[in-house]
Amino acid sequence: MGKMKKIIIFASGTKDGGGSGFENMVKASQSGLLNAEISAVVSNHKNGGVREKADRLGIKFIHFPKPWTAEKYQEITKGTDLVCLSGWLKLVTGLDPQKTINIHPGPLPKFGGAGMYGHYVHEAVIKAYKNEDISHSAVSMHFVTEEYDRGPLFFSQKVKILPTDTIETLAKRVNEVEHRWQPIITEKVLTGEISWDGKNPKSLTGEILN
């Protein structure tokens, strides 16, 4: 058997909550669904929801305050096989784009970019739905480059929008789909089933777009 691969998760969360994706990934690792060790979790909030979950789950917690420099990102992630952004709201620089992935709670590229996170994404999606521009939201996963939400998209799972949806109800359903798929697709990146060369988006292989 080969050496267990190590994943580090970046999750901002909030001062009093957040980190459900991180917790879901830890549980997937513990159950064997995700064949990797979650070696640490990183948050820009010193004592927020992410830290509470890390302490409870027995996962190393790293507080990463500004400035968010390339050198610091590199120092934190040294010796890691894969970097997973799961609700990390800061721009990432200096990391290997072949080994850094993000999960996004909306369709990309239309509902991505700076400032498009959390409830802002769901708000924009519902507005577009009411304008009859779209019928579905999505859970998206992509490789991370030094531009928000613009790295190659390798996973997309549609989430139907209901006429009765509010930002909160849509967010809840999208979150459930995120939790279902994030460990499964992350495993495919770890094994190399999904990959790219880090430079040319056309080199992407193994993508699953629904």
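Nothing in this text is a laboratory measurement; each read-out follows from the coordinates by a stated rule. On a predicted model such as this, the values are computed, not experimentally measured, just so you know. Cβ sites come from the backbone with ideal geometry, for glycine too, and all protein chains shown count toward neighbours.
Remarks
- Condition met for ALA128 (surrounded by fewer than 21 Cβ atoms within 10 Å (Cβ to Cβ), touching a Phe, Trp or Tyr at 6+ places or on another chain (Cβ under 7 Å), among the hydrophobic types (A, V, I, L, M, F, W, C) and free of Cβ contacts under 8 Å to residues at least 40 places away in the same chain): no
- Candidates in segment 139-184 are the residues that are acidic (Asp, Glu) and surrounded by fewer than 18 Cβ atoms within 10 Å (Cβ to Cβ); of these, the one that is nearest to LEU95 (Cα to Cα) is GLU146.
- Sole exception among (1) closer than 16 Å to LEU209 by Cα; (2) over 15 Å from the mean Cα position of the chain (by Cα) for ILE134, by number: (1)
One line per residue, one yes/no per condition, for (1) of a type in the set (S, T, N, Q); (2) under 16 Å from the mean Cα position of the chain (by Cα); (3) under 27 Å from VAL159 (Cα atoms):
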{"site": "PHE64", "(1), (2), (3)": "no, no, no"}
{"site": "TRP68", "(1), (2), (3)": "no, no, no"}
{"site": "GLY79", "(1), (2), (3)": "no, no, no"}
{"site": "LEU85", "(1), (2), (3)": "no, yes, yes"}
{"site": "LEU89", "(1), (2), (3)": "no, yes, yes"}
{"site": "THR100", "(1), (2), (3)": "yes, yes, yes"}
{"site": "LEU108", "(1), (2), (3)": "no, yes, yes"}
{"site": "MET116", "(1), (2), (3)": "no, yes, yes"}
{"site": "VAL121", "(1), (2), (3)": "no, yes, yes"}
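- Those strands (runs of 3 or more DSSP E) of segment 56-156 in which 2 or more residues are closer than 16 Å to VAL41 by Cβ occupy 61-63, 82-85, 100-104.
- Residue that is nearest to VAL189 (Cα to Cα) [pool: residues in segment 6-16 that are part of a loop (DSSP other than H, G, I, E, B) and not polar (S, T, N, Q)]: ALA11
- Just so you know, in segment 17-52 the residues that are polar (S, T, N, Q) and assigned to a loop (DSSP other than H, G, I, E, B) include one that is farthest from GLU187 (Cα to Cα), and it is ASN47.
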